[in-house]
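A quick write-up on the structure given underneath.
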Amino acid sequence: MKNVFLAIVVATAVVAAGCTSLEHKSSLTEPSAAGNNSLLGNWTSSTLIPTPSTCTDFKWNATEQTATTAKGSFSATCAGDLRVAGTASGTLTGSTVDWGANGTATILNQPACAITLTGTAELGANSIRVPYSGSTCLGPVSGVEILNKK
């Protein structure tokens, strides 16, 4: 009888020990919105020849990212061989990024001029669809580029 009582006490103690001190902790260090596990790095488009009111050959080097923002440097080529470069930053909301870019445009034998671009990008698994519109010294530009991570 003593052994049965001891067995019940031991079994109860084992079960009780298994139910206590069970704790799960997790830590999220990067944004978890769909498709943007990490925006950091180099992104490029593959369209190389602009039409009269578009820009192509987009390159974005994302150098900073938080849970709600991303920023970095960009470059592109617009119609008329207008070369643009500057900084772009955006606010992440789910699988979209409301972004803006400011920079300088240069063209052979002309003074540099300011440019602005804005849009709402859509994040994919390995790509970013970037609708954009803005102004350059050669006039307004708009279009859509698909950037792929390199």
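What are the residues in the range 119-147 that are polar (S, T, N, Q) and under 18 Å from Pro50 (Cβ atoms), if any?
Ser133, Ser135, Thr136, Ser142
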Which residues, taken from the range 127-150, are in contact (Cβ under 8 Å) with a residue 40 or more places away in the chain, outside any loop (DSSP other than H, G, I, E, B), farther than 19 Å from Leu40 by Cα and aliphatic (A, V, I, L, M)? Val141
Report yes if Thr116 is open to solvent by 20 Å² or more (accessible area, probe 1.4 Å), out of contact with any helix residue (DSSP H, G or I) (no Cβ under 8 Å at 6 or more places or on another chain), under 18 Å from Leu39 (Cα atoms) and assigned to a strand (DSSP E or B), otherwise no. no
Filter the range 56-89 down to the residues that are farther than 20 Å from Leu123 by Cα and surrounded by 15 or more Cβ atoms within 10 Å (Cβ to Cβ) and list them by number. Thr77, Cys78, Ala79, Gly80, Leu82, Arg83, Val84, Ala85, Gly86
Exception for Ala105 within (1) modelled with pLDDT under 95; (2) open to solvent by 20 Å² or more (accessible area, probe 1.4 Å) falls at (2)
Can you say whether Gly124 is in contact (Cβ under 8 Å) with a residue 40 or more places away in the chain and either among the acidic types (Asp, Glu) or on the phi > 0 side of the Ramachandran plot (or both), as far as the supplied structure shows? no
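The values are calculated or read from the model by the stated rules, or taken from the named source; none is laboratory data. If you're wondering where the values come from, they're calculated on a predicted model, not measured in any experiment. Neighbour counts run over all protein chains shown; Cβ positions are idealised from the backbone, glycine included. For the accessible areas, the whole protein counts, side chains as well, though only heavy atoms, and no ligand, DNA or RNA atoms are used. Shrake-Rupley method; radii C 1.70, N 1.55, O 1.52, S 1.80 Å.
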